[in-house]
Amino acid sequence: MSQPDPDAYGVMTAPDTVRFERLLPGPAERVWAYLTEADKRRQWLAGGEMELKAGGKAELLFKHSEFTDEPAPEKYAEMNTQGFLSPHRITEIDPPRLLAMTWPGEDTESEVVFELFPEGDKVRLIVTHKRLARRDEMANVSSGWHAHLEVLETTLQGGGANRFWSRIPELEKMYSGRFAAD
């Protein structure tokens, strides 16, 4: 088994911020659709409707059984089958380049920014999650984003059988080590 690409991991860019980059099959409009259209977004993250305007509501329905057949850990079993509705608000939007939204957190509301940059027939997706209150929250959030972005990449490449739940424990351990307080 090959070693993971260290550049694929999220990077702490500030004490409360983590950033991910992925080079995905384009064009930007296609990736934008997977960020904003419920039927496409549910294939890698969460369904639910978005009002695509600054100040608009974004109600994300997290139901992981829609993109992975792996059994969920007991603490997520109900969310996996029944779904979990999470309220967000769009803070900034510039199609098909930028989407920013609030993100409910454990202690405080954070913000997630998706940016798209065309690179030939590919598009660079940068996901920045800001205002994470604690390092353990950052590790938890990072493992989730990492696993979700792997599913997105597999989906955009036309693949199936997405690993998700089996990735979370190893990613949480890795990110906990990376983000340990100095």
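The values are calculated or read from the model by the stated rules, or taken from the named source; none is laboratory data. Source: prediction; values computed, not measured. Neighbour counts run over all protein chains shown; Cβ positions are idealised from the backbone, glycine included. These accessible areas exclude ligands, DNA and RNA; they are computed on the full protein's heavy atoms, side chains included. Shrake-Rupley method; radii C 1.70, N 1.55, O 1.52, S 1.80 Å.
Note that the stretch 127-169 presents 37 Å² accessible area per residue, ligands and nucleic acids not counted, probe 1.4 Å.
Evaluating 6.51 cos²θ - 1.76 cosθ + 1.60 at θ = phi - 60° for every residue in the stretch 102-107, the Karplus couplings come out as 5, 9, x, x, 5, 10 Hz, glycine and proline recorded as x. Take the Cα of residue 23, step 7 Å toward its Cβ, do the same at residue 49, and the gap between the two points is 3.9 nm.
Sites listed here are trypsin sites (Lys or Arg not before Pro) in the stretch 25-76 whose DSSP assignment is loop and whose Cβ has at most 12 other Cβ atoms within 10 Å: 53.
Over all projection directions, the Cα-based convex hull of the stretch 1-83 averages an area of 8.4 nm². Across the stretch 49-143, Cα pairs under 8 Å and at least six residues apart give a relative contact order of 19 percent. Once the gyration tensor of the Cα atoms in the chain is diagonalised, the equivalent ellipsoid follows with semi-axes of 22, 19, 19 Å, ordered largest first. Solvent-accessible area assigned to carbon and sulfur over the stretch 1-121 amounts to 50 percent, based on a 1.4 Å probe.
The fraction of all Cα pairs in the stretch 104-182 landing in successive 10 Å bins from 0 to the largest distance is 17, 40, 34, 9, 0, given as whole percents.
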